[in-house]
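Asks: Before I ask anything, here is the structure I am working with.
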Amino acid sequence: METTTTPKLPAVFSPGFFKLYFKGMGQVMFQGNIWTGIFFLAGIFYGAYEAHMPAVAWGAVVGTFMSTLTGYLLKYPAEKGLDGLWGFNGILVGCALPTFIGNVPLMWLAIVIFSSMTTWVMVGLNHLLAPYKVSSFTFPFVLTTWFVLLAARIMHGLPDSGLGAPELPGNFSTAFDTSFKSLVIYWLRGISQVFLINSWVTGVFFLVGLFISSRWAAIWAAIGSALALCIAILYQCNGGDIANGLFGFSPVLTAIALGTTFYHVNWRTAIWALLGIFATVFIQAGMDTFFAPVGIPTLTGPFCVATWLFLWPHLNLDKKILQQG
Amino acid sequence: METTTTPKLPAVFSPGFFKLYFKGMGQVMFQGNIWTGIFFLAGIFYGAYEAHMPAVAWGAVVGTFMSTLTGYLLKYPAEKGLDGLWGFNGILVGCALPTFIGNVPLMWLAIVIFSSMTTWVMVGLNHLLAPYKVSSFTFPFVLTTWFVLLAARIMHGLPDSGLGAPELPGNFSTAFDTSFKSLVIYWLRGISQVFLINSWVTGVFFLVGLFISSRWAAIWAAIGSALALCIAILYQCNGGDIANGLFGFSPVLTAIALGTTFYHVNWRTAIWALLGIFATVFIQAGMDTFFAPVGIPTLTGPFCVATWLFLWPHLNLDKKILQQG
Amino acid sequence: METTTTPKLPAVFSPGFFKLYFKGMGQVMFQGNIWTGIFFLAGIFYGAYEAHMPAVAWGAVVGTFMSTLTGYLLKYPAEKGLDGLWGFNGILVGCALPTFIGNVPLMWLAIVIFSSMTTWVMVGLNHLLAPYKVSSFTFPFVLTTWFVLLAARIMHGLPDSGLGAPELPGNFSTAFDTSFKSLVIYWLRGISQVFLINSWVTGVFFLVGLFISSRWAAIWAAIGSALALCIAILYQCNGGDIANGLFGFSPVLTAIALGTTFYHVNWRTAIWALLGIFATVFIQAGMDTFFAPVGIPTLTGPFCVATWLFLWPHLNLDKKILQQG
């Protein structure tokens, strides 16, 4: 007689817990790999301290913990937790709030509650998206963080010091330094900005972390940021955003998703991923304009939208098993 | 031999018709109870006449009638009508349009058509949401009224006298009177604003109406408005909005929905409802910001979004039978 | 022995290819008819050259070709292609981009990529909408073009010369010439604006093209534009928009969809279509306001939203087989 054993969650703070904790960090770029997560966190700490914003790093630590713990408390299926799927939205909430909002206790209360909330928002959105064979990606982070940042505009308790002023769109300069060295820095920043870090060193950390788990993921991340940079320059976008890697982070995620995670690697899907990167840059620029009058960032919304649009058509065609969700 | 009898609708203007008519008013707060509806309408009349806006009260009468009649004309399933589910969106359209738009004949034409429209929009949206075991709540009202109010901005035939000016978000004062008496008034106004009424007396009417139908609904309504008030004060929101109960009405609905309507009452779901109230305040503030550049109100949109986000994850867990739709 | 033959696509540039190519143009107004498509294209050429904007006409040619070719390359079901369902979104992208963006090579690159993209976005959105027995209509065009136009606001490589300035909503004049001759011109322009052409002659071309395929489609198009004109005048909308037919094009499409395409022609559905036209005008005005701060047009978004809201409620009732999708 055979019995199928349902997987069991390790105790909180046990060694097994830290495995799924770091896997959660790696899942931001679709890698359920402990070492990838450790490299990601190291890169976040480097970049956050370099920018004198330690709250971003500690927010990442707290956000991952709260959203993972929420999976335990709400008794969601253990497999998802073991794959690290409870952590990747929480870590992004933890990085985003201290980036855009002043470091006050009420901000930390918001991190605790809204990083937890990403876990059940993810489960809910995955129910909505299940018939279409895609998951919610980082959209639970995007949605909850949009609400908090919009709310911060009319809450003096959440100082919106890190947010740009609301303005009608259209004013911008295309000027930026075009030396080869600068372009390499912008390219690596595009990768680091996935976690809202503006540092080329962090970009290297992230590439190494990816490479440990999947060669193709690292290659597509590199291609995604590089091609996005070229397209943004070709279409003469905002120079400051180009220099800070802000046209790169969503295409990086689209590139990994379409180039290797959800489609098999081959020439056909490679062209598909390149088209996805092109579209993501336009969706990024479009969302930048759309949110200008309320002055909030797009976060990884452009990646979610683009990747859905490139996955929905092919419910069965040449697609691998979904890893998120 | 047994036969199952399909329920039959009473003739329009018969006594049975008025039963489902008033049930429709009660269903705004999830109570298919005639007396609840009568108390709600009484509260609306009190508050509307007190504010010298009788059109709001008569709009409620007309809106409920038109949306209910539409259910008859389009021959939608009689059970829904008998539960009052054709009325609750229509009454809100009838309250909202005279609140924000000048009292002109073209406004009444809009009430007649768009309160009717809520009935088929509800049926349509319920089809969309059926696989996820939730209904559209007050979103048919929210959606149609958003369109009318946005349209009023560029239709001189609909004077937008009751709408604030479109502006980039961020300018506001946190000042408000913090005496205990004032706080009680704000708390009750938070309940009255569910029907767009700004009157503490109306808030008492509504609490009594709820209590007649369900003790727990009244308790959760009270908790919802009180906790939302505390959170809005804690995070230093717009003082004028706090005083007018504008941070309260959506959390009131979220509280009833999560605290007693869709989950069984117990400690676990109570914590869940408290989290839902917290999230609703942030979604309220976020939507306020989002709509500032076009100058329209959120209506009960924040309640719908928050409640969906707190129901979608649990398709089967500890949830009672849906009452709306 | 019987064998069912799967339909085969004709070779690109063969006579059969041009059949489905022109059918694709006709499908913008739900007519899979070659001659309808030819009249539509003739009308577009007439209007584009009259307005000294030949790029609009050639954009239509290129856009239809690219989106049709994409159906071949991605091997989507041949039946859809033979019905012309790969062409109607692409032609609209090809008309819209040169209307709003300056005639530069980078704009043509955007036409090529984004008209192609409408084909897989259509397949994806149709998967989402399939359970609700509706298709995505022109929304793949609307969505991709919104992104490109929003992006153009912050891309100097795409001159946004044809777009109005972003502004807070509310400033407009209701003045327009009310002579009978002018009203007839506005009415015909409402029809021509379906393809973003501002010419009464083109409106006549389109009516003739419709009449060849379906008398009722022509009649409902005429009714849709006429009634929308009356409602926009009654509610005192922006006079310039009225004169340019900008309140007409979405109601024209709603009218054909509800009046004859998706419901059988009878008195009951005629009232339904008239209500749909009324609602579409409000949704048009509402979306105009909503997009004012970012300064982009609604495209045929109001038609899509209105028609969905009038089809979703009736999954089975008196509805004909869907032709799009």
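Asks: Determine which chain A residue has its Cβ at minimum distance from the rotation axis mapping A onto C, giving the value in whole Å.
Replies: A:293, 2
Asks: With contacts defined as alpha carbon pairs under 8 Å and 6 or more residues apart, what's the relative contact order of the stretch A:169-211 in percent? Please report the intermediate quantities before stating the final value.
Replies: Values: 27 pairs, mean separation 11.6, N = 43.
Reported as a whole number, the value is 27 percent.
Asks: Looking at the square roots a ≥ b ≥ c of the eigenvalues of the Cα gyration tensor of the stretch C:15-312, which shape do they give, rounded for a/c under 1.5, prolate if a/b is larger than b/c, or oblate?
Replies: Numbers: a/c = 1.39, a/b = 1.10, b/c = 1.27.
Note, shape of the stretch C:15-312 comes out rounded.
Asks: Loop only by DSSP, 14 or fewer other Cβ within 10 Å of the Cβ. Give me the chymotrypsin sites (Phe, Trp or Tyr not before Pro) in the stretch C:1-51 that pass, ordered by residue number.
Replies: Details: sites: C:13, C:17, C:18, C:21, C:22, C:30, C:35, C:39, C:40, C:45, C:46, C:49; in loops: C:13, C:30.
Of the chymotrypsin sites (Phe, Trp or Tyr not before Pro), the ones in loops of the stretch C:1-51 whose Cβ has at most 14 other Cβ atoms within 10 Å are C:13.
Asks: Something else about it: Measuring nothing but label to label, 7 Å from Cα along Cα→Cβ, what are residue C:12's distances to the other copies in nm, shortest first?
Replies: Taking the point 7 Å beyond Cα along Cα→Cβ, the inter-copy spacings are 5.9, 5.9 nm.
Asks: Just how far, in whole angstrom, is the stretch A:135-156 from the stretch C:116-167 if you go by their alpha carbon centroids?
Replies: 24 Å
Asks: Still on this model: Using modelled backbone amide H atoms (1.01 Å from N, in-plane), which distant-in-sequence or interchain residues come within less than 5 Å of residue A:263's amide H?
Replies: Those qualifying (amide H under 5 Å, at least 5 residues apart or on another chain) are A:320.
Asks: Using a 10 angstrom Cβ neighbour count of at most 10 plus a DSSP loop assignment to flag exposed trypsin sites (Lys or Arg not before Pro), which longest range of chain B is free of such sites? Present the calculation step by step, with values, prior to reporting the outcome.
Replies: Numbers: sites that count: B:8, B:75.
With trypsin sites (Lys or Arg not before Pro) excluded where exposed in loops, chain B gives B:76-325 as its longest stretch.
Asks: Residue C:285: net charge of surrounding residues, Cβ under 15 Å, Lys/Arg +1, Asp/Glu -1, itself excluded?
Replies: Values: positive: B:153; negative: B:160, C:241, C:288.
It works out to a net charge of -2.
Asks: According to the square roots a ≥ b ≥ c of the eigenvalues of the Cα gyration tensor, what is the shape class of the stretch B:107-242, taking rounded for a/c under 1.5, prolate for a/b larger than b/c otherwise, and oblate for the remainder? Mind showing how you got there, number by number?
Replies: Working: a/c = 1.87, a/b = 1.21, b/c = 1.55.
Oblate shape, in that a/c is at least 1.5 and b/c is the bigger or equal ratio.
Asks: Can you find, among B:11, B:107, A:49, the residue sitting farthest towards the positive end of the charge dipole of the protein assembly as shown, where Lys and Arg contribute +1 and Asp and Glu -1 at Cβ?
Replies: Going by the Cα projections, it comes out as B:11.
Asks: Ok, one more. In vacuo Debye scattering of the stretch A:248-308, one point per C-alpha: log10 I(q)/I(0) at q = 0.21, 0.26 Å⁻¹?
Replies: Here log10 of I(q) over I(0) equals -0.71, -0.96.
Asks: Follow-up question, since we're still on this one. Evaluate the relative contact order of chain A (contact order divided by residue number), counting alpha-carbon pairs under 8 angstrom at least 6 apart; express in whole percent.
Replies: Taking the mean separation of contacting Cα pairs over the length of chain A, I get 19 percent.
Asks: Turning to a different aspect of this structure: Can you give the average number of partner chain beta-carbon atoms within 10 Å of each beta-carbon in peptide B:166-175, as a whole number?
Replies: For peptide B:166-175, the averaged partner shielding equals 5.
Asks: Using alpha carbon centroids, what distance separates the stretch B:1-76 and the stretch C:3-56, in Å?
Replies: About 52 Å separates the Cα centre of the stretch B:1-76 from the one of the stretch C:3-56.
Asks: Quick one: of B:19/B:133; C:23/C:133; B:23/B:181; A:8/C:133; B:8/B:133; A:133/B:133, which pairs are farther than 30 Å apart, Cα to Cα?
Replies: Values: B:19/B:133 27 Å; C:23/C:133 23 Å; B:23/B:181 33 Å; A:8/C:133 42 Å; B:8/B:133 26 Å; A:133/B:133 19 Å.
Going by Cα-Cα distance, B:23/B:181; A:8/C:133 fall outside the 30 Å limit.
Asks: Roughly how compact is the protein assembly as shown, stated as its Cα Rg over 2.2 N^0.38 Å to two decimals? Kindly include the intermediate steps, with their values, before the conclusion.
Replies: On the way: Rg = 27.8 Å, N = 975, 2.2 N^0.38 = 30.1 Å.
Ratio of Cα Rg to 2.2 N^0.38 Å: 0.92.
Asks: May I pose another question? What is the stretch B:188-291 by shape, rounded, prolate or oblate, if you read a ≥ b ≥ c off the alpha carbon gyration tensor as root eigenvalues and call it rounded for a/c under 1.5, prolate for a/b larger than b/c, and oblate otherwise? Before the final figure, lay out the partial values.
Replies: Values: a/c = 2.13, a/b = 1.22, b/c = 1.75.
Note, shape of the stretch B:188-291 comes out oblate.
Only the coordinates and a few stated rules stand behind these numbers; no lab work does. Computed from a predicted structure; not experimentally measured. For neighbour counting, all protein chains shown are included, and Cβ atoms are generated from backbone atoms with ideal geometry for every residue, glycine included.
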